[in-house]
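Peer 1: Dropping a structure here in structure tokens format, bear with me for questions.
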Amino acid sequence: MSRRVERVSELIRREIAAIVAREVGIKDVIITITRIEISPDVQYGNIYFTAIPKNAAERALAQLTGHVVPIQQALNKRLYMRPVPKIRFLIDKEEQEAARIDEIIHLIDEANHS
């Protein structure tokens, strides 16, 4: 990944997190923007997120997808760059899997120390 794409990814991650927290208002769900994958030409960006509680992730995805146009517009206004990547939201399955593995390791450790 080029240095420019890394910088753009981090900038977009911070801005999207702020936009979602302040302007989208999804009730009873905490959304964390975990990572962003920007295409090498900076035309497209996949925004990965996790939701708490976990069972609200699909509902959060539907709401974020439904608000993608106003989120994109807010992002376009905040960033002084062109092009601003066209965004889409995805549930971060890698983060969920890592949390599950941590949980299993913790359970094994507890069983071994009992």
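Please treat every number below as a calculation from the coordinates, not as lab data. Predicted model, so just to flag it, every value in this text is computed and none were measured. Glycine also receives a Cβ, built like all others from the backbone with ideal geometry; neighbour counts cover every protein chain displayed.
Peer 1: Could you list, ordered by first residue, the pairs with Cβ atoms under 7 Å in which the first is in region 65-88 and touching a residue at least 60 places away in the same chain (Cβ under 8 Å) and more than 14 Å from Ala17 (Cα to Cα) and the second is among the aromatic types (Phe, Trp, Tyr) and surrounded by 13 or more Cβ atoms within 10 Å (Cβ to Cβ), at least 6 apart or interchain?
Peer 2: Partner pairs satisfying both residue conditions: Pro85/Tyr44.
Peer 1: Moving on. Count, please, the residues in region 41-75 that happen to be under 15 Å from Glu15 (Cβ atoms) and surrounded by fewer than 13 Cβ atoms within 10 Å (Cβ to Cβ).
Peer 2: Adding up the residues that qualify gives 2.
Peer 1: Looking only at region 60-81, which residues are in contact with a strand residue (DSSP E or B) (Cβ under 8 Å, 6 or more places away or on another chain) and not hydrophobic (A, V, I, L, M, F, W, C)?
Peer 2: Correct list: Thr65, Gln72.
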